[in-house]
Each structure stands twice: as C-alpha cells, then as structure tokens.
Ligand code: URP
Ligand code: ZN
Ligand code: ZN
Ligand code: ZN
C-alpha cells in the first residue's frame, strides 16, 4: 500500500473506541489503521495529541436571504472557513423556500451560493415554508431522491411558520419518502401576544426577548410537535432545545417508545438570559430563539447529553453583525428587540467549548463528545460512514487536538465575518491544531491552507433514524 499521508502515534477516539495507532490515508480516504505503518508521502507526528473525526455541524446558517431586510455576514467561504478552524469538516446549512416560491428553485440558488466558495464538504437541509400540493407531491419527493433527505419546519416566525395542518402534510411526505424532519418548536401566537403586551408597556430592550419566550412557549410547541409526529407515526428531531421543560416533554415521548430525537447548542450550555440584559443595546448580541435560560437549565442540558435525551450538538450559527445597519441593530439603537434578527454566531467555537467544558471537566466522556458532535449528526442525516467517524473507507476528515493548549476566546482570533462572539473571554483548555479534509491539511497551527471552492456537495442518504415504528403500514393520513 502507498500512503499520501500517515498520521503517527496519535491517540485516536471514535464514538465507540479509543486506540493508539497510525492512520494511513490514500486519495482522501482512510485506508489503514495499524501500529507502525510504512512511510507516507507526507507525515504528521501526533505524539501526545488526540486525533478525532472532524466535526459535523448539522445546523448552521450561511448566506441565507432574510425577509426582514437583515443580512447574514457569512457566505459559504467565511462560514466554512470559520468551521474548519474550529475543527469542523462537514456542514449542513439550510436551503430555505420563500413563501410563494418553488423549493427546487431555492435549492438551485443555494448551490450557486456554495459551489465556488465552500472550503469543506457540505450538504443541505431544506426548509419547507409553503407546502403546496406541487411542493408536497412533486418537488419534495424529487429532492429527497436527489439527496436532500432532511427538512426543517418552523412553528413560529410569520414568514416561515406552518399551521398544524401543514405540518401534518409535511410529516406525511417525510414518512412516505423516508426523509427526516427537524422541528423548530415555539408557540407563535403566544410569542406575538407577549411581544405586543411588552411593547405596550414600553418593554422593548433586548432582555425582553427572553421575557416574551418563557419555557412554556417552547414546552407547548414541543409537546404539540411530538403529538403530530405520533399521529403520522414518523420520527422527528426537535432542534435547539433550551431547557428543562422541553427536555421533560422529549423524555416523556422517548419513554413512551416514540422516536423523538433532540438537538441542543452551546448557547444553552454557556449563556443565560442575564446575557441579554446588558448596557445599551448590547444584549442583542445574545438574542436567539429559544432564548438562553438560567444555570439550573444549563445543568439539565448537560445531564441530557449524558443520559441520552440528546443525540446531537450543533452550533445553529446565525451570523449577523452587531454594528451594521442590516445586522443586530437593524432596529436602531433605541429600537425594539422584536426587530433584531434571531440567532448567534458559533460555528468555530462549538467544538472547543464542548471539549474544554465537557470532556476536560468530566461532564461528558470523549466518546460521547465524538458521538454528539460528529458521528450522530452524520448518522442522523445520512452521511455515515463517509463522514463522522475514523474507519477504513471513511473520508479522511480528521482533527488533531492539542489537549494542553490554553486559549481565551476572543472575536479577533475567529474567522467568521461577525464583529462579536457571545463567548468572548471564556478560557479553554484544548484546541484544534490541525484540520484535515479528505486527506488534505486545510488548517495548521493557526494558518488556513484551504483553497476557496474545494468543498464538495454531499448528497445525503435516507436516515435510519427516520424509520417509522410501524414499518410497512400505510401513512395514517395519506
Ligand atoms: O434564533 C435562532 N435560532 N435563529 C436561527 C434560525 C433558527 O431558528 O434556527
Ligand atoms: Zn496514490
Ligand atoms: Zn430554529
Ligand atoms: Zn437555526
């Protein structure tokens, strides 16, 4: 065998195993795992280093056109560059249908945005906002067959949300075609009602974003999404779960034997609603939906990462600049939280935060870290075993971690195009030293070596997680 690259003497961890051996890479794939492999064309000495599968960020937004006039700061170049510097080698952003428009056209448009820019491999989830008969019967089945096998649906946001009836229609198509549905679960009317009352009282500063979205709003929608999925007999995944009350609903469903899966994000482990209460309008930097909760809820999320409630941690990277007329201050310095684009940046900090506070602090073990950040998202969305693990035949997407390195997060060291990070000043131990994508060193000791546009589109297979409980039985609501 000849090797283009050999990584020597590292400690390798997957979702299942920890092993000390060399990794032989040929034509972008892992072809050998053994002690003392013969010399490769290129060699990396990983003595005292940890070698992990590259992260799979299964929920991130880049270059997504917004209806409210806000503009995402990261395109597919800066977004994927930022990802790889933080140890992520695969991203699954969204191709969002605009109401009244074709979903298939949206997918074409996003391909244009990504193709000459992405520096790591990417797939797309669809966002279904307008499930007309044409979309349900023609576009979705065709897109699923072409490798867009997962879609997100929203229960809130006027320009995105679906009625329960429309949700059922989309769930039925997913069941029929074997696709996997991600649900943004918040009660839209509750939020609108709260926002209006707060506005009448003049309560418009960023902290009231959290006041307008108490946990009951998320809990109710989570329960309703679970009920709709049960009616159709199709699994779903609840995205960006923020705290104890939604967790309780998910656990209740899982205990009933329903196939309900869940994702959380670093913001629900590292931020609290107090971060929205800053001088001036600064709290807008931490406005995301659902909002961060409190310390007790952070603990519930940590617990859920160990006890199996959650299968995946994604960044939900939503890059809006703070000091930009089309960014977080879209409403002006004295405007209302209700016009602030929702979501926070975090594609580069996801893995380092989780590694330091999770693995180093003993909250999750190394295998669980790999499972939550790489292997499970690859499995959930039909990219495994090409992505998400270290195995013979898998793509050589690898990260060599310096577990000793001390880093204090500062926005100036990050590679996204956002002018702040909500995690400024957090001290970490352990950081990616080298990132390898399909056998190519794309990042090394703080230097990016990735050629713009080298990232490839990944067509996703059908997820085994999407299988209904009653195999073979017709969709209850055809
Ligand atoms: O506030 C959030 N999470 N914004 C990003 C879009 C979404 O709903 O995931
Ligand atoms: Zn060769
Ligand atoms: Zn969402
Ligand atoms: Zn999102």
*Would you mind ranking 6, 170 by Cβ crowding within 10 Å, fewest neighbours first?*
6, 170
_At a 10 Å Cβ-Cβ cut-off, how would you order 3, 457, 355, fewest neighbours first?_
457, 3, 355
*asked:* Quick check: Cα centre of the stretch 312-372 to Cα centre of the stretch 7-52, how many Å?
replied: 31
*Taking only the alpha carbons of the chain, what extent do you get along each of the three principal axes, in Å, biggest first?*
70, 57, 42
*Computed [θ] at 222 nm, helices only, for the chain once each DSSP H run of length n ≥ 4 contributes -39500 (n - 2.57)*: -7500 deg cm²/dmol
_Over 10 Å intervals from 0, what percent of Cα-Cα pairs in the stretch 217-263 sits in each interval?_
31, 62, 7
*Over the stretch 132-269: Rg over Rh, Cα atoms, Kirkwood Rh*: 1.01
_For the stretch 150-219 versus the stretch 119-147, the gap between their alpha-carbon centres in whole angstrom_ = 21
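Can you sort 467, 113, 219 so the residue with the fewest Cβ neighbours within 10 Å comes first?
By the 10 Å Cβ count, ascending, the order reads 467, 113, 219.
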*Taking a ≥ b ≥ c as the square roots of the eigenvalues of the Cα gyration tensor of the stretch 108-200, is the shape rounded (a/c under 1.5), prolate (a/b larger than b/c) or oblate?*
oblate
*Which angle from 0 to 90°, rounded to the nearest 10, does the C-alpha axis of helix 244-255 make with the longest principal axis of the chain?*
70
*Once you have a ≥ b ≥ c as the square roots of the Cα gyration tensor eigenvalues for the stretch 270-364, tell me rounded if a/c is under 1.5, and otherwise prolate or oblate according to whether a/b is larger than b/c.*
prolate
*Size-normalised alpha-carbon gyration radius of the stretch 59-177, reference 2.2 N^0.38 Å*: 1.07
*Does the stretch 384-478 classify as rounded, prolate or oblate by the C-alpha gyration tensor (a ≥ b ≥ c root eigenvalues; a/c under 1.5 gives rounded; else a/b over b/c gives prolate, otherwise oblate)?*
prolate
_Looking only at the chain, where both bridge partners belong to it, what percent of the DSSP beta bridges are antiparallel (to the nearest 5)?_
50
*Which Rg and Dmax, in Å, describe the Cα atoms of the stretch 15-77?*
19.1, 57
*asked:* Give me P(r) over the stretch 273-312, computed from all C-alpha to C-alpha distances, binned every 10 Å, as integer percentages.
replied: 28, 39, 25, 8
*Compute the normalised compactness of the stretch 363-426: alpha-carbon radius of gyration over 2.2 N^0.38 Å, N being the residue count.*
1.42
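Read-outs throughout are calculated quantities, based only on the coordinates presented, and are distinct from any laboratory measurement. Since we're looking at a predicted model, the values are computed, not measured. Here Cβ is always computed from backbone atoms with ideal geometry, including for glycine, and neighbour counts include all displayed protein chains.
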